[in-house]
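A.B. asks: I am attaching a structure below and will ask some questions about it afterwards.
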Amino acid sequence: MSKIISVVGARPNFMKVAPIHKAFQKSGVNHSGINHLICHTGQHYDEKMSKIFFDDLELPYPDFYLGVGSGSHAEQTAKVMIEFEKILLQEKPEVIIVVGDVNSTIACSLVASKLNVKVVHVEAGLRSFDRTMPEEINRLLTDSISDFLFVTEKSGMTNLKKEGVNDDKIYLVGNVMIDSLVQYLPKTENSEIFNELHLGKNEYILVTLHRPSNVDSDSFLSQLISTLNNLGQKEKVIFPVHPRTKKNLAELGLNENLSKNVILTDPIGYIDFLALTKNAGLVITDSGGIQEETTFLGVQCITVRENTERPVTVEIGTNQLIGTDLKKVQEAAEKVLKGEKKCGKIPELWDGKAAERIVKVLGQKIAS
Ligand code: UD1
């Protein structure tokens with residue numbers, strides 16, 4: 001029987017691996033000749049950054065937990081590599097699956113490819129063309145050593161072909177993160193988050209910002225507080241704060257300068273956050289995945305970045321790439337609040353079945 005180990009490390013990985021695991025289960029793991037196991041590197045470890053996602057997404061307890069935690073990029077990547085190598089030597093899987101672009105993604109791919117274990121990259125081919133982003137380096141390197149590259153949008157196919165990746169390694173399958181969204185959207189109806197936060201549906205702006213290029217800048221953070229206070233005069237602002245952003249805001253003493261209409265919360269679990277996204281009047285973010293989730297849901301999104309590796313969300317979705325000048329962000333937000341909304345469509349193959357397509361390909365290529 002072939003053994004496959006999927007890797008999760010950081011928050012945006014959990015909702016991508018969950019549907020893959022379920023698709024393997026559905027295909028009848030033992031009958032299909034594939035035993036699918038999950039390894040959690042522990043890159044994210046807080047209850048609210050990790051465990052709550054296993055519960056919400058009905059993921060089994062990971063088969064392996066590496067407990068690497070935080071550190072510099074080199075420290076974190078190296079720790080994952082050392083621990084993951086032990087797992088591969090002990091378990092001898094035929095294949096590993098990595099998703100997205102976090103440090104755990106490149107660390108595990110690199111270890112596997114040196115041990116001649118085949119690497120499957122899910123969400124391959126995305127490019128921001130900005131090599132100052134750690135995720136861009138992780139994406140480029142992971143793709144260059146992957147044996148199977150599963151792609152979410154057409155730009156990914158174009159990028160990989162330009163980089164010289166053989167056609168027979170690349171598959172346009174859609175978006176596994178949207179698979180989770182489709183599966184769990186009905187559960188958002190029972191979310192208590194609106195009662196907990198005393199919120200009316202469609203009467204708030206949802207904000208998430210955690211990218212180091214934004215939140216490690218003191219001037220960005222202090223301008224952000226005045227921008228949020230200004231927007232708070234028009235609509236309530238809900239801002240679930242990532243640990244990095246929380247630490248930096250606290251160091252600058254900025255959380256005390258917020259108006260009562262700007263509500264900071266701890267990181268929020270998957271179902272509750274999905275409920276908040278679905279019912280937001282506007283989302284302001286620098287996340288990658290949230291650009292896609294808002295496009296699928298037809299919710300207005302302003303992205304506080306100079307570039308995006310997910311261009312389909314701007315080309316056909318509801319996403320606007322505004323840049324990091326917060327005056328422009330405020331102007332764009334005010335336009336949306338006045339009713340100037342962007343119409344959007346759902347990209348091709350974002351239909352909740354991407355994981356099934358992946359498992360089908362792997363079943364044919366690996367188990368045979
Ligand atoms: C990582 C990913 C990023 C992704 C983000 C989602 C990389 C290079 N970046 O960034 O692509 O969008 O996850 O959240 O992999 N911390 C905690 N508790 C935790 C995890 C982190 O307090 O459970 C704090 C630590 O102080 C840590 C900091 O957050 O140093 C940053 O965590 P890290 O995993 O290095 O990167 P993220 O910024 O979360």
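A.B. asks: Regarding segment 19-35, can at least one residue be identified that is closer than 29 Å to I268 by Cβ, buried (at least 17 other Cβ atoms within 10 Å of the Cβ), among the hydroxyl-bearing types (S, T, Y) and not assigned by TED's automatic domain parsing to the domain that holds T208? I'd like the intermediate steps shown before the answer.
C.D. replies: Here is the first cut: in segment 19-35, the ones closer than 29 Å to I268 by Cβ are 19-26.
Keeping just the survivors that are buried (at least 17 other Cβ atoms within 10 Å of the Cβ) gives 19-24.
Imposing the further condition that a residue be among the hydroxyl-bearing types (S, T, Y) reduces the set to none.
No, segment 19-35 contains no residue that is closer than 29 Å to I268 by Cβ, buried (at least 17 other Cβ atoms within 10 Å of the Cβ), among the hydroxyl-bearing types (S, T, Y) and not assigned by TED's automatic domain parsing to the domain that holds T208.
A.B. asks: Okay, moving on. Out of segment 314-326, which residues are without any contact (Cβ under 8 Å) to a residue 24 or more places away in the chain and assigned to a helix (DSSP H, G or I)?
C.D. replies: Taking segment 314-326 and keeping what is without any contact (Cβ under 8 Å) to a residue 24 or more places away in the chain, we get 314-315, 320-323, 325.
Across segment 314-326, the qualifying residues are V314, E315.
A.B. asks: Turning to a different aspect of this structure: Where in segment 132-225 are there helices (runs of 4 or more DSSP H), lying wholly inside it, with at least 3 residues that are hydrophobic (A, V, I, L, M, F, W, C) and either in contact (Cβ under 8 Å) with a residue 24 or more places away in the chain or under 26 Å from N116 (Cβ atoms) (or both)? Explain how you work it out, then say what you get.
C.D. replies: On the way: elements: 134-144, 154-162, 176-184, 193-196, 212-215.
Here the list reads 134-144, 176-184.
A.B. asks: Kindly establish whether F24 is of a type outside the set (D, E, K, R), within 18 Å of G289 (Cα to Cα) and either in contact with a His (Cβ under 7 Å, 6 or more places away or on another chain) or within 11 Å of the ligand (Cβ to nearest atom) (or both). Before the answer, list the steps.
C.D. replies: Numbers: of a type outside the set (D, E, K, R): yes; within 18 Å of G289 (Cα to Cα): no; either in contact with a His (Cβ under 7 Å, 6 or more places away or on another chain) or within 11 Å of the ligand (Cβ to nearest atom) (or both): yes.
When the stated conditions are applied, F24 does not pass them.
Let's see how each residue does on (1) surrounded by 17 or more Cβ atoms within 10 Å (Cβ to Cβ); (2) within 26 Å of E153 (Cβ to Cβ); (3) hydrophobic (A, V, I, L, M, F, W, C):
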| residue | (1), (2), (3) |
| --- | --- |
| V176 | yes, yes, yes |
| S217 | no, no, no |
| L221 | yes, no, yes |
| L224 | yes, no, yes |
| N257 | no, no, no |
| F273 | yes, yes, yes |
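A.B. asks: Restricting to segment 241-255, give me the number of residues that are away from the ligand (no atom under 15 Å from the Cβ) and either surrounded by 15 or more Cβ atoms within 10 Å (Cβ to Cβ) or on the phi > 0 side of the Ramachandran plot (or both). Give the derivation first.
C.D. replies: First, pick out the residues of segment 241-255 that are away from the ligand (no atom under 15 Å from the Cβ): 252-255.
Okay, now just the ones that are also either surrounded by 15 or more Cβ atoms within 10 Å (Cβ to Cβ) or on the phi > 0 side of the Ramachandran plot (or both), so 253-254.
Of the residues in that region, 2 qualify.
A.B. asks: Then there is this: So which strands (runs of 3 or more DSSP E) are wholly in segment 1-112 and hold at least 3 residues that are touching a Pro at 6+ places or on another chain (Cβ under 8 Å)? Spell out how you get there, then give the answer.
C.D. replies: Details: elements: 2-8, 34-40, 95-99.
Once the strands (runs of 3 or more DSSP E) in segment 1-112 are filtered for at least 3 residues that are touching a Pro at 6+ places or on another chain (Cβ under 8 Å), what remains is 2-8, 34-40.
A.B. asks: Output the residues belonging to segment 57-84 that are closer than 19 Å to T142 by Cβ and more than 16 Å from the ligand (Cβ to nearest atom).
C.D. replies: I82
A.B. asks: I've got another one for you. Look at segment 85-137 and say how many of its residues are within 12 Å of the ligand (Cβ to nearest atom), under 18 Å from K162 (Cα atoms) and crowded, with 22+ Cβ neighbours inside 10 Å.
C.D. replies: Selection size over segment 85-137: 2.
A.B. asks: Test of understanding: among E203, E153, E235, which residue is surrounded by fewer than 17 Cβ atoms within 10 Å (Cβ to Cβ) and of a type outside the set (S, T, Y)?
C.D. replies: Details: E153 fails: surrounded by fewer than 17 Cβ atoms within 10 Å (Cβ to Cβ); E235 fails: surrounded by fewer than 17 Cβ atoms within 10 Å (Cβ to Cβ).
Result: E203 is the single residue among E203, E153, E235 that is surrounded by fewer than 17 Cβ atoms within 10 Å (Cβ to Cβ) and of a type outside the set (S, T, Y).
The values are calculated or read from the model by the stated rules, or taken from the named source; none is laboratory data. The structure displayed is predicted, hence computed values, not measured ones. Every residue, glycine as well, gets a Cβ built from its backbone with ideal geometry; the counts of neighbours run over all protein chains shown.
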